[in-house]
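A.B. asks: This structure is in structure tokens; I'll ask about it shortly.
The values are calculated or read from the model by the stated rules, or taken from the named source; none is laboratory data. Small disclaimer: the values here were computed from a predicted structure and weren't measured. As a convention, Cβ positions derive from the backbone with ideal geometry for all residues, glycine included, and neighbour counts pool all protein chains shown.
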Amino acid sequence: MANISVSVQAEDFDPGREIALLSEGRTDVGAVASLIGLVRDMNDGSDITDMTLEHYPGMTGRALEEIVAKASSRWPIRGARVIHRYGRLLPGERTVLVAVAVAVAVAAAHRGEAFLASEFIMDYLKTQAPFWKKENTPEGGRWVDARGSDQAAQARWGHEAL
């Protein structure tokens, strides 16, 4: 049985605890792969003082659930935990282990499936999740769109937009 959950929240989280919950008490999980996204202090040659992530409540959670469902239909994952924060976020907040923007964790029977499913989910989060990102710099704020490289990464999976 797959252990799948999605959260869209302003609050920080404990990545170690979240990842551990995917395999706790389970003997059918052979690998857990994860990625933790962090707010950088520089982008496109400008210092970043903070970043604001906006979203539509309800709609965003459903979109994240659809992304995880797509991954689940492609790989036999045993569990997935996706947390995406919103609100005002600072570079280097707490420690390098703090997932400030995105955390994805996938449990599977084998490491290859876990890595591929995590990568798939991240590629879709970067291009399909309904978030709007604004970086604030000493020169002012700027809205950030998905990069061409993000679009290319998502396109390699051969799926249409959600």
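Here is a yes/no grid of residues against (1) closer than 24 Å to Val29 by Cα; (2) surrounded by fewer than 20 Cβ atoms within 10 Å (Cβ to Cβ); (3) at pLDDT 90 or above:
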{"position": "Glu54", "(1), (2), (3)": "no, yes, yes"}
{"position": "Glu66", "(1), (2), (3)": "yes, yes, yes"}
{"position": "Thr95", "(1), (2), (3)": "no, yes, no"}
{"position": "Ala105", "(1), (2), (3)": "yes, no, no"}
{"position": "Lys134", "(1), (2), (3)": "no, yes, yes"}
{"position": "Asp145", "(1), (2), (3)": "no, yes, no"}
{"position": "Ala153", "(1), (2), (3)": "no, yes, no"}
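A.B. asks: A follow-up question, please. Quick one: count up the residues across segment 7-62 that are among the hydrophobic types (A, V, I, L, M, F, W, C) and in a strand (DSSP E or B).
C.D. replies: 9
A.B. asks: With (1) touching a Phe, Trp or Tyr at 6+ places or on another chain (Cβ under 9 Å); (2) at pLDDT 70 or above; (3) farther than 19 Å from Val144 by Cα as the list, and Tyr124 as the residue in question, which single condition is left unmet?
C.D. replies: (3)
A.B. asks: Let me ask something else about it. Which of (1) within 13 Å of the chain's Cα centre (by Cα); (2) among the polar types (S, T, N, Q); (3) modelled with pLDDT under 90; (4) more than 19 Å from Leu116 (Cα to Cα) is the odd one out, the single condition Thr60 does not satisfy?
C.D. replies: Against the list (1) within 13 Å of the chain's Cα centre (by Cα); (2) among the polar types (S, T, N, Q); (3) modelled with pLDDT under 90; (4) more than 19 Å from Leu116 (Cα to Cα), Thr60 comes up short only on (3).
A.B. asks: While we're here: Can you tell which of Ala80, Ala71 is among the small types (Gly, Ala, Ser), over 15 Å from Lys133 (Cα atoms) and in contact (Cβ under 8 Å) with a residue 60 or more places away in the chain?
C.D. replies: Result of the check over Ala80, Ala71: Ala80.
A.B. asks: Which members of segment 32-41 meet the condition of being in contact with a Ser or Thr (Cβ under 9 Å, 6 or more places away or on another chain) and surrounded by fewer than 18 Cβ atoms within 10 Å (Cβ to Cβ)?
C.D. replies: Of everything in segment 32-41, those that are in contact with a Ser or Thr (Cβ under 9 Å, 6 or more places away or on another chain) and surrounded by fewer than 18 Cβ atoms within 10 Å (Cβ to Cβ) turn out to be Leu35, Asp41.
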